[in-house]
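What follows is a single structure, written as structure tokens, with notes after it.
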Amino acid sequence: MNDTKSPSRNAPKAPEAAGADRPQDNGGGLFTGRGLVCVRGGRTVFEGLDFTLKSGDALVLLGPNGSGKSSLLRIMAGLLKPGGGDLLWYGYAVTDDPESHHARQHYVGHLDGLKAAMTVSENLSFWTGLRMGEAPPPGLIRNALDTFGLDHLADFPARMLSAGQKRRLSLARVLASPADLWLLDEPAVALDRESVATLEQAIARHRRRGGMVVVATHSEIALSRAWPLYLDRFAPSSGLAELREDAATALGDGGHKSARASRQEAQP
Amino acid sequence: MHRFANPKRFLRIAAVVLPWSTALTVALLGLGLYFALLASPADYQQGESVRIMYVHVPAAWMALFVYSCLAAASAVALIWKHPVADLVAKASAPIGACFTFIALATGSIWGKPMWGVWWVWDARLTSVLILFFFYMGHIALTSAFEDASRGERAAAILALVGFINIPVIKWSVDWWNTLHQPASMIRMDGPAIHTSMLAPLLIMAAAFTAYYVTVLILRLRGEILTRKIGALRMTRIQDRQEERTPHMKEV
Amino acid sequence: MTGFWLIVRRDVVMAWRQGGDGFMAIMFFLITVTLFPLSVGPESTILARIGAAVVWVAALLATLLSLERMFQSDFEDGSLDLMAITPLSLEAVVLAKCLANWLLTGAPLLLAAPVLAMMLHMDREGLAIFVTAMALGTPSLVFTGAIGAALTVGARRGGVLLTLLVLPLYIPVLIFGVGAVEAAVMGQPAQPHLLVLGGLLLGTLPLGLWASTAALRQALE
């Protein structure tokens, strides 16, 4: 069960993935989040968030802007420390071995990490080489570029690419080296229909091979049997009344005024 | 609301401690100044100008002490992420900077008749000046970012980096030939000052410490309340937004 | 080529291609050191006295110029995010960037310094000590500078703040670096100063790496 906090979920239960070997794990799923809390700029964005992902699953993050989709992806990547809760891989805390967690994931954020003065293939070689720990074979780079139709631009400096092409280059990075977990933050932005289809196929292939995907998107990508996660359901209940009470006691107003305030709020 | 749970407890403690520390500050300051200016002997070499020592030395001690508190608070903030620890560091920095400035200024005023120069680049003076720069850097860093908590965390790291300077200041007069006089208080053989001068020094030091505690509590209280008001405003903006745009259910 | 050297190469190649970066520091250095003899006057004695100090201060300021760009552009284009989640530890990434920075600023200063020392009429004995002191001191400048650069990534008025933070950290290296050369010129043993410089390098390496990494992690949150 994924979305344990929202009993009125309409999405159908995902059927057992046919023929997939579920590896033995230490407590429910390969990639799990329990009670995750996100605090940004002093404000609690979400709390008590749970998810479970097994091999071949896809998780789609949904919710209005500001609900914490990007933050959740960054927490999953290990870039952001959660304000509370655990992130587990095979039941073991990700924080125990962050370097392994980095080795098993691909993260595509809003920014592309491209250097304008380096060529397309140099950019891709750099990131792939950094992940693999050695300079990648040129054939690998060419294949990844080819999949996203960037092969003819391989020797052009990255500054000459359009926004869509830059995005495709970021996604080519995901294809150039294998990873168990894909974390994609609005990958389809600025992509044309054809490239979106390529992305969908790549994701499907990845899942068939047992990989997992977490995507934050605004509906442009079609994913079969994906689990939705509505982040706004994990927003904290409005702490306005508590906050007013806090401020009242701090300023020495005593209990009377705060009680009056909360009574006023109870009436619409 | 876990971020605000501890400050509430702190505010309660602060309300109790504040009147005592204020009273203590005033009393000790009065007592100390009486002894320093009137009831203690003049130096046989320097005459009355030695009385600057009763401000200069405690101020210098406070400069180091406050920085140590700041560094300790920074360590707590980084390791345990205690919300009040960040605020203690932020509130202490200007106080420590003032003490450092007073130490440098009174030292200069004292040094002119004694050494004949306003300033000399020896180890102790230079390292105290560096301490002053670290304080200024800390203050600047806390307000350099749009996101206040980022500034505080960066400042916490800076505070720990600068802590190396503290032992350097303490032992600079032992390690190098400096114009500044060597340690006469905290030494292996015990203090080398006569009681009649030692007592006012200690009283002034206690007075300055009480002053630090008082001002720290006042600043912390102000900081916590500012945060609460800020959070209240944020929640109000959020509420208004939710009224206008009900939850968007989308695929 | 391991990931470490990939990062070093990338930074060096980027600076090379973008032309200005590494060379502005060198040009600044050369111009500053040339202006001093012009303004002080051609008397050898004065120049010999202040030559060491002038070259050190110029080196320091030139290093400061290069520090701003150390992490800022990677932070802005998302590269720092990706570098923080590679199998390589963030400490190793920072070390690689420090090495690249030193290759772009420290190493050329080291090569240019003897020429400039001659222009300033420094003695032969002073020269050898001077180059050694620079070789020990410039890496320290990079490691401590990295702390400031990492702390001010994404800050308003980052450049000014960076200078404010880094200068107090630079003072010890400056004092002992110049002290080493002056001791040599005056015929006193320079070894104590060189030993302290070496000690400073051994100290700033772990401190710089720790503080920079911690600061970058904060910046990415």
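What to note about this one:
- One residue alone among A:Thr95, A:Thr128 is part of a helix (DSSP H, G or I), hydroxyl-bearing (Ser, Thr, Tyr) and over 18 Å from C:Leu82 (Cβ atoms), and that residue is A:Thr95.
- Qualifying residue in region A:38-47 (condition: at pLDDT 50 or above, assigned to a loop (DSSP other than H, G, I, E, B) and surrounded by 20 or more Cβ atoms within 10 Å (Cβ to Cβ)): no
- Scanning region B:72-83 for residues that are buried (at least 22 other Cβ atoms within 10 Å of the Cβ) and over 19 Å from B:Arg9 (Cβ atoms) yields a single hit, B:Ser74.
- Test for A:Leu153: is it among the hydrophobic types (A, V, I, L, M, F, W, C) and closer than 29 Å to C:Phe4 by Cβ: yes
- A count restricted to region A:225-238 and to residues that are assigned to a loop (DSSP other than H, G, I, E, B), touching a residue at least 40 places away in the same chain (Cβ under 8 Å) and on the phi < 0 side of the Ramachandran plot stands at 3.
- Residue list for region B:44-69, restricted to those being more than 20 Å from B:Leu29 (Cβ to Cβ), aromatic (Phe, Trp, Tyr) and not in a loop (DSSP other than H, G, I, E, B): B:Tyr67
- Test: residue in region C:61-81 that is surrounded by fewer than 16 Cβ atoms within 10 Å (Cβ to Cβ) and of a type in the set (Ser, Thr, Tyr): no
- Of the candidates C:Ala184, C:Ala190, C:Ala211, C:Ala180, the single residue that is surrounded by 23 or more Cβ atoms within 10 Å (Cβ to Cβ), of a type outside the set (S, T, N, Q) and within 14 Å of another protein chain (Cβ to nearest Cβ) is C:Ala211.
- Against the list (1) at pLDDT 90 or above; (2) within 14 Å of chain C (Cβ to nearest Cβ); (3) under 23 Å from C:Val12 (Cα atoms), the condition A:Ala135 fails is (1).
- The residues of region C:47-83 that are under 24 Å from C:Leu164 (Cα atoms) and not hydrophobic (A, V, I, L, M, F, W, C), listed by number, are C:Thr63, C:Ser66, C:Glu68, C:Arg69, C:Gln72, C:Ser73, C:Asp74, C:Glu76.
- Beta carbons closer than 7 Å, at least 6 apart along the sequence or on distinct chains, pair a first residue in region A:79-104 that is within 14 Å of chain C (Cβ to nearest Cβ) and crowded, with 16+ Cβ neighbours inside 10 Å with a second that is in a helix (DSSP H, G or I) and of a type in the set (Val, Ile, Thr) for A:Pro82/A:Ile75; A:Leu87/A:Ile75; A:Leu87/A:Val94; A:His101/A:Val94.
- Among the residues of region A:160-211, those that are within 17 Å of A:Phe126 (Cα to Cα) and hydroxyl-bearing (Ser, Thr, Tyr) comprise A:Ser170, A:Ser177.
- Restricted to region C:6-22, and to residues there that are surrounded by fewer than 16 Cβ atoms within 10 Å (Cβ to Cβ) and at pLDDT below 80, the residue that is nearest to the other protein chains (Cβ to nearest Cβ) is C:Gln18.
- Residue selected from region C:113-170 under the condition over 29 Å from B:Phe145 (Cα atoms) and charged (D, E, K, R), by the criterion surrounded by the most Cβ atoms within 10 Å (Cβ to Cβ): C:Asp123
- Unmet criterion (only one of (1) more than 15 Å from B:Ala156 (Cα to Cα); (2) under 18 Å from the mean Cα position of the chain (by Cα); (3) of a type outside the set (Val, Ile, Thr)) for B:Pro7: (2)
- Taken together, the residues in region B:143-156 that are under 12 Å from C:Leu165 (Cβ atoms) and either outside any helix (DSSP H, G or I) or more than 9 Å from chain C (Cβ to nearest Cβ) (or both) amount to 1.
- For C:Ile171, the conditions (1) in contact (Cβ under 8 Å) with a residue 12 or more places away in the chain; (2) within 11 Å of chain B (Cβ to nearest Cβ) all hold with the exception of (1).
The values are calculated or read from the model by the stated rules, or taken from the named source; none is laboratory data. What you see is a predicted model; the values in this text were computed from it and never measured. Every residue, glycine as well, gets a Cβ built from its backbone with ideal geometry; the counts of neighbours run over all protein chains shown.
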